[in-house]
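Taking it in order: structure first as structure tokens, then the write-up.
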Amino acid sequence: MRVVKLKEICDFQKGETGLAKAEPGDYPLVTTGAERKTCNSFQFDTRAVCIPLVSSTGHGHASLKNVHYQEGKFALGTILVALTANDAQELNIQFLHLYLSQLKDQILVPLMSGAANVALSVTKIKGIEIPLPSIERQTEIVEQFKSIATEESELKDELTHQQTLLKKLRQQILQEAIEGKLTANWRAENLDVEPASELLKRIAAEKAELIKAKKIKKQKALPPISDDEKPFELPKGWEWCRVGDLTSISSGKGFTKSEYTQEGVRLFQIANVSIGKTSWETTVYLPESYLEEHPFLELKSGDIVMALNRPLLGGRLKVATLSDSDVPSILYQRVGRMDVYFHDISKWLYLYLTSTRFSRWLYDQVKGVNIPFVNQTKVYTHLMPIPSLLEQQAIATKVAALLDICDQLETQITQNQSHADALMQAVLLEAFTQGSPEAANA
């Protein structure tokens with residue numbers, strides 16, 4: 001198989017259409033993005049490989065997300081170059097697109113240069129060497145790729161479907177947990193367990209003590225629970241209560257940038273809480289002395305925190321339980337802390353907050369608002385079920401075991417997706433490597 005330089009087999013022509021001035025029309029307009037725009041005029045009427053001449057990410061980083069194939073009449077943006085075949089009997093342009101698009105990170109990206117504005121020169125592209133099999137073999141490789149791509153697409157669709165089913169399974173597990181369906185057998189084997197009504201009495205007593213000690217503020221009396229409010233029938237021994245019977249939500253305080261320091265105690269901001277986890281990619285510090293100056297804002301391991309501003313992400317609540325690695329830290333504004341009156345019920349409260357039922361209810365409260373914000377009063381009065389403390393522990397154990405199985409299944413799906421990508425690369429490399437030093441070293 002001979003090796004040739006692109007300048008020997010291709011014609012090069014830069015785009016002439018300024019994207020800002022292009023008027024929409026009947027012809028595709030190829031840009032650096034994956035999607036085509038339109039233009040009222042065309043520059044080419046042929047088959048071409050279109051290569052962006054600027055980095056996809058900018059900021060001094062070399063990358064190319066797309067190498068395009070286009071045929072027929074089309075316009076081309078000014079920051080791209082079109083490669084067309086000098087001789088269609090020598091070069092199948094789809095073969096060239098396949099080669100350059102699949103190996104762009106090994107062949108094109110290393111040729112990019114520049115400090116702030118990273119770019120790719122046409123001269124360097126012209127000097128690229130590629131293996132050039134016979135025109136029959138090029139066509140065969142293109143057809144093989146189309147067949148493999150179809151199979152890969154079907155496989156990925158199936159894997160995506162599996163991920164969707166897995167997401168629904170997680171939601172179903174949590175839903176059955178808060179309805180008591182997961183522990184039906186457990187209740188049958190534990191008939192003498194103290195009912196939840198007694199647990200609520202102890203929680204109320206603890207709440208009264210906290211108010212008396214001025215550790216929490218006294219709330220307005222919660223409204224009585226009517227039968228019409230109850231969304232489903234509870235198992236024997238369970239009770240309906242309001243979120244405010246179990247906890248209050250205290251929000252943080254705003255601090256100015258002038259108070260920030262290079263080190264000290266971390267400020268827990270809304271960017272630090274996500275779905276079921278915390279993240280410290282964005283970290284701001286306050287003086288260590290602020291822990292003493294703002295004792296009611298100090299977060300502790302085991303605290304439940306939730307986003308009060310834009311609280312939902314993909315329909316799920318941004319709420320997490322803090323671990324030892326998250327503290328000490330100070331609570332910032334727009335983040336809420338669930339001040340649980342009786343610490344032993346924290347896991348049950350967190351389980352309920354992460355359920356689809358609560359997330360959907362909260363979505364109905366905040367949708368349609370320019371800046372969705374949690375109405376704390378509505379959360380306080382929200383109705384939720386509660387089982388006995390022993391059953392809460394049994395539910396937490398069973399949910400953890402089931403979600404662990406879901407995690408294992410998700411890992412397997414992710415690995416299968418990676419294997420599909422690797423298989424595609426392996427098949428293409430096998431077709432390209434003969435006589436190609438660049439691909440052979442990829």
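Values in this text are rule-based calculations from the coordinates and carry no lab data. Everything quoted here is computed from the prediction, not taken from an experiment. Please note: Cβ atoms are built from the backbone with ideal geometry, for glycine as well, and neighbour counts cover all protein chains shown.
Among the aspartates and glutamates, which have Cα under 12 Å from the Cα of Lys126 when same-chain residues fewer than 8 positions away are ignored?
Glu8, Asp11
Given Lys167/Lys207; Lys168/Lys201; Lys181/Lys253; Lys65/Lys167; Lys156/Lys277; Lys201/Lys230, which pairs have Cα atoms separated by over 32 Å? Could you put the intermediate results ahead of the total?
Details: Lys167/Lys207 37 Å; Lys168/Lys201 36 Å; Lys181/Lys253 41 Å; Lys65/Lys167 29 Å; Lys156/Lys277 28 Å; Lys201/Lys230 20 Å.
Too far apart for the 32 Å limit: Lys167/Lys207; Lys168/Lys201; Lys181/Lys253.
Sort Met1, Met112 by Cβ crowding within 10 Å, fewest neighbours at the top. Before the final figure, lay out the partial values.
Values: Met1 12, Met112 18.
Lowest to highest Cβ neighbour count: Met1, Met112.
Give the aspartates and glutamates whose C-alpha is closer than 17 Å to that of Lys215, dropping any in the same chain fewer than 8 places away, or say none.
Glu206, Asp245, Glu292, Glu293, Glu298, Asp303, Asp339
Can you give the net charge of the other residues whose Cβ lies under 15 Å from the Cβ of Lys218, counting K and R as +1 and D and E as -1? Can you show the working numbers first?
Values: positive: Lys207, Lys212, Lys214, Lys215, Lys217, Lys220; negative: Glu206, Glu209, Asp245, Asp339.
Here the count lands on +2.
Of the chymotrypsin sites (Phe, Trp or Tyr not before Pro) in the stretch 218-284, which ones lie in a loop per DSSP and count no more than 16 other C-beta atoms within 10 Å?
Values: sites: Phe232, Trp238, Trp240, Phe255, Tyr260, Phe268, Trp280; in loops: Phe232, Trp238, Phe255, Tyr260, Trp280.
The qualifying sites are Phe232, Tyr260, Trp280.
At 0.36 nm per residue, and after removing the present C-alpha to C-alpha distance, how many nm does the segment from Glu90 to Lys201 gain when stretched out fully?
On the way: separation 111, 0.36 × 111 = 39.96 nm, distance 8.58 nm.
Answer, rounded to one decimal: 31.4 nm.
Restricting attention to the stretch 197-266, which GluC sites (Glu not before Pro) occupy a DSSP loop and are surrounded by at most 13 other Cβ atoms within 10 Å?
Details: sites: Glu198, Glu206, Glu209, Glu229, Glu233, Glu239, Glu259, Glu263; in loops: Glu233, Glu263.
Qualifying residues, ordered by number: Glu233, Glu263.
Please give the FRET efficiency for Glu23 paired with Ser121, using the beta carbon to beta carbon distance and R0 = 30 Å, rounded to the nearest 0.05. Please report the intermediate quantities before stating the final value.
Numbers: r = 30 Å, r/R0 = 0.99.
According to the calculation, E is roughly 0.50.
Given 0.36 nm per residue, what is the gain on full extension from Lys230 to Lys218 after removing their alpha carbon distance, in nm? Display every interim value, and only then the final one.
Values: separation 12, 0.36 × 12 = 4.32 nm, distance 2.61 nm.
Full extension of this stretch gives 1.7 nm more.
Sequence gap of 8 or more, or different chains, plus Cα separation below 22 Å: how many lysine pairs satisfy both in the stretch 299-412? Numbers along the way, then the final one.
Working: Lys300/Lys318; Lys300/Lys347; Lys318/Lys347; Lys318/Lys367; Lys318/Lys378; Lys347/Lys378; Lys347/Lys398; Lys367/Lys378.
Counting lysine pairs in the stretch 299-412 gives 8.
Note the listed values (1) 51, 37, 19; (2) 47, 31, 20; (3) 59, 27, 20, then indicate which one is semi-axes √(5λ) of the Cα gyration tensor in Å calculated from this particular structure.
Read-out from the structure maps to (3).
Could you compute the FRET efficiency for Ala396 and Ser147, with r as their C-beta to C-beta distance and R0 at 45 Å, rounded to 0.05? The partial results should precede the final answer.
Values: r = 49 Å, r/R0 = 1.10.
After rounding, the FRET efficiency stands at 0.35.
Loop only by DSSP, 11 or fewer other Cβ within 10 Å of the Cβ. Give me the trypsin sites (Lys or Arg not before Pro) in the stretch 17-99 that pass, ordered by residue number. Walk me through the numbers before you get to the answer.
Details: sites: Lys21, Arg36, Lys37, Arg47, Lys65, Lys73; in loops: Lys21, Arg36, Lys65.
Counting only loop positions with at most 11 other Cβ atoms within 10 Å, the trypsin sites (Lys or Arg not before Pro) in the stretch 17-99 are Lys21.
How much mean residue ellipticity at 222 nm does the chain get from its helices, if each DSSP H run of length 4 or more adds -39500 (n - 2.57) and you divide by all residues, to the nearest 500 deg cm²/dmol?
Working: 14 runs with 171 residues, N = 442.
Value at 222 nm, helices only, nearest 500: -12000 deg cm²/dmol.
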